[in-house]
Amino acid sequence: MKKAVACLLTGAMVLSMSSAVFAEGETVGILMPTQSSERWINDGNNMKAQLEEKGYNVELQYAEDDTAQQVSQLENYVGKGVDCLVIAAVDSGVLVNAEAQAKEAGIPIIAYDRLLMDTDAVSYYATFDNKGVGTVIANYIKETKDLDAAREAGESYTIEFFMGSPDDNNALFLYNGIMEVLQEYLDDGTLVCKSGRTSFEDTCILRWSQETAQANCENILTANYADEDIDICCTAFDGFAYGVKAALLGAGYTTENWPLITGQDAEVMATKNIIDGTQTMSIYKDTRLLAEKAVSMVDAVLQGSEPEINDTEQYNNGSITVPTYMCTPVAVDQSNYQEILIDGGYYTEDQLK
Ligand code: BGC
């Protein structure tokens, strides 16, 4: 009899202790790739704020583009027993085993911005239309340079490409979006790539490195543009645009012969460069909206609600096709940054001074 009461008491204590532990809300572990680029800092902050507002506890870690570090951060979250994971991978290829451990432990995973490849442990994917980013960039080039008119007139523009990281699924999507629009102009000579580097393999830049983009641009300028100016630098990332800008300045380019330069993320620095004319455009990705979509996916896996999904076909990760919400990317340049970025409340006027 005494034993039974003791047993009951211990049971009640365990119950009340565990309800005390969880009374504060469930814990979401967020993994972000790097703080070296501003967008991920915004992503992390937005996710954290929105989850905390809903009563979740949040842990947020950055891996500084170090794959081993991200693996150990993930293992650590799994070991701690977080309730849900949100992951923007450095290189998702190396996370597969730790993701399987999370699945074993019953911890659902949301892929954030970058698809998690070769795993069945991921429940949902929140991202932007990654191929769409490429088509928006390429259409911007096509319209700004009026490639159809150039073709008619038998004129041409020189162009070079600086594409994303080969271990990031987004990079090839973006490249394909670009080539869907520009390939025909390369084929008929309206666009001339003097380095001959037009394939994804030849133009991709590991870990989205600004330094590599700068070095590549310096080499291309030296080897291929001694007697002719480069007209278009088609880059996939604001960080690349900064590297390209430095290389062009080093090679003596001025406002007289400054090329059209594209980018992605509409970072503060990129927007300042757009204002002063040293970058032509960028892709605005509203990280507040992306966070909102990812938070609704966290709610779905933890509270049993239905998240909004708008794609169930494009994102096969080699293991499963992941139900996805794709946000829409928008081109920003001198003509619309005020309306989109400032009036839209993304940046204040002061931040851009
Ligand atoms: C993101 C881009 C970003 C790039 C480099 C990609 O996965 O989709 O928005 O520019 O990573 O950080």
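The values are calculated or read from the model by the stated rules, or taken from the named source; none is laboratory data. These numbers come from a predicted model, not from an experiment. Cβ placement follows ideal geometry from the backbone for every residue including glycine, while neighbour counts extend to all protein chains displayed. Heads up: the accessible areas ignore ligands, DNA and RNA and are worked out on the full protein's heavy atoms, side chains in. Shrake-Rupley method; radii C 1.70, N 1.55, O 1.52, S 1.80 Å.
Inter-part distance, region 312-353 to region 79-128, computed on C-alpha centroids, equals 23 Å. Cross-link pairs exceeding 28 Å in C-alpha to C-alpha distance, out of Lys48/Lys142; Lys285/Lys353; Lys54/Lys131; Lys145/Lys293; Lys131/Lys353; Lys103/Lys293, comprise Lys48/Lys142; Lys54/Lys131; Lys145/Lys293; Lys131/Lys353. Once each of the GluC sites (Glu not before Pro) sitting in a DSSP loop with at most 13 other beta-carbon atoms within 10 Å is removed, the chain keeps 65-154 as its longest stretch.
The angle between the Cα long axis of helix 2-23 and the longest principal axis of the Cα atoms of the chain comes to about 20 degrees, rounded to the nearest 10.
Summing +1 for each Lys or Arg and -1 for each Asp or Glu among the other residues whose beta-carbon sits under 12 angstrom from that of Ala213 gives -2.
Provide the per residue accessible area, probe 1.4 Å, for the chain, rounded to a whole number of square angstrom.
Here the residues of the chain average 43 Å² of exposed surface.
Which value in deg cm²/dmol, rounded to the nearest 500, describes the helix-derived mean residue ellipticity at 222 nm for the chain, given -39,500 (n - 2.57) per DSSP H run of n ≥ 4 and division by the residue count?
Values: 12 runs with 160 residues, N = 353.
After summing the helix terms and dividing by residue count, I get -14500 deg cm²/dmol.
Looking at the chain, what % of its DSSP beta bridges pair antiparallel, to the nearest 5? Intermediate results must be reported in sequence, preceding the final value.
Details: 5 of 35 bridges.
Of those bridges, close to 15 percent are antiparallel.
The portion of the accessible surface of the chain made up by carbon and sulfur, rounded to a whole percent, is 49 (1.4 Å probe; DNA, RNA and ligands excluded).
Within the listed set Val298, Val94, Val332, the residue fluctuating most in the Gaussian network model of the chain (springs between alpha-carbon atoms under 10 angstrom) is Val94. Shape class for the chain, computed from the alpha carbon gyration tensor (a ≥ b ≥ c): prolate, with a/c not under 1.5 and a/b above b/c.
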